[in-house]
Each structure stands twice: as C-alpha cells, then as structure tokens.
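See below for the structure under consideration.
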Amino acid sequence: MMVKRLICLMSFGLVACAPPPEIARDTMPVISLGEIETQPDGRCFARMAGPTRTDIVTELVEVQPEVKDRNGVVTQPAIFRNVTGPKTVVTGQGARFETVCPQVYTPDFVATLQRALIVRRAYDGEVTGLMDEATSLALQQFQRGMDVDSPLLAMRVGRDLGIVAVPR
C-alpha cells in the first residue's frame, strides 16, 4: 500500500492518490428504508422520537413457575409477586422532519458527516464511513441543539453543516 502511495505521489501528486483504505468505497446505502418515508417528489421524511411519560406501575410478576409431576398434575402452584416501578410510555408521534434520503447515506457521505461533526467537536470517533452507533449518537446529540431529536440527518442541519446541497 505504501508503494502505491509513493508511486502515486511521484507520478500524479497528492490529488490523484487513492482514498484512504479504511473507508469503504461502495455506493450501497447504510441506512434502512424502514425509518425513512420517501415522497413521490423524491423528498424523504422521518419522525423524531415521540413524547414520553414515566408512570409508576404495579405489575404481577411470576417469581417461581409451577411444578408438575410426570403425569402433568400441578404439585406446587406458581408464585407471583406485585412489583412496583417506573415504566416509560410513548404518548404520541414525534414531529416529522425532512431528512436525507437513504441512497445518500453512502460510506463517502457518512465519512464526510463524521468529519463535519469532528470539526464541530461533536464526534470524537474515527472516520470509518459507517453509520454506527457512535456516529448516530453524536449526530443526535448535535442536532438536539437545533430542535431535531433524531439519529437521522435533518436536511436543514445537513445544509448548515455544508454537506447537503442548498436548493436554488
């Protein structure tokens, strides 16, 4: 690999060199379509997490299962206990926002997103081109400051970052 880079440097200069090998260069999207809704006009939308409420609930929990003999007759009944604790409940749908379409989430695009977040000190991972958990969490945290609570890139945030084209 080093020989390739040296030949590349000597022959064509830095601009003609191959990209770093650690970033996958295929064009397959790295986001599932299940999270993104595509409109007939080609625009894509997603939803933020819905509002939640935490309730204190009491549930009946089986602590010990029933015991049966070899004929199937119950010799010891099951033991249950009431357990009280917090339970988070989603109370509605989250706000809808325009997002980058799945086909845009290529490894090259995600690597650009990772670099943009690094420059803004919102991501301290490596530039891998993978929309992994660390990248998604960093993006979601960064977007929360812009009223978008989602691990998917909002179009307006992408435009602010300078990685999504602005319409004329």
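The values are calculated or read from the model by the stated rules, or taken from the named source; none is laboratory data. A quick note: this is a predicted structure, and the numbers were derived from the prediction, not measured. Please note: Cβ atoms are built from the backbone with ideal geometry, for glycine as well, and neighbour counts cover all protein chains shown. Ligands, DNA and RNA are stripped out before the accessible areas are found, and what is left, the full protein with its side chains, is counted by its heavy atoms. Shrake-Rupley method; radii C 1.70, N 1.55, O 1.52, S 1.80 Å.
Of the candidates 89, 74, the single residue that is in contact with a strand residue (DSSP E or B) (Cβ under 6 Å, 6 or more places away or on another chain) and at pLDDT 90 or above is 74. Would you say residue 168 is over 23 Å from residue 95 (Cβ atoms), among the basic types (Lys, Arg) and modelled with pLDDT under 90? Spelling it out, residue 168 is indeed over 23 Å from residue 95 (Cβ atoms), among the basic types (Lys, Arg) and modelled with pLDDT under 90. Listed by position, the helices (runs of 4 or more DSSP H) enclosed by the stretch 65-168 that each have at least 1 residues that are open to solvent by 60 Å² or more (accessible area, probe 1.4 Å) and hydrophobic (A, V, I, L, M, F, W, C) are 107-119, 133-144. Figure legend. Inter-residue proximity from the stretch 117-141: first residues modelled with pLDDT of 95 or more and among the aromatic types (Phe, Trp, Tyr), second residues in a loop (DSSP other than H, G, I, E, B) and open to solvent by 40 Å² or more (accessible area, probe 1.4 Å), beta-carbon distance below 7 Å, spacing 6+ or different chains. No pairs are indicated. Scanning the stretch 31-53 for residues that are open to solvent by 90 Å² or more (accessible area, probe 1.4 Å) and either out of contact with any Asp or Glu (no Cβ under 8 Å at 6 or more places or on another chain) or farther than 13 Å from residue 99 by Cα (or both) yields 33, 35, 40, 41, 47, 53.
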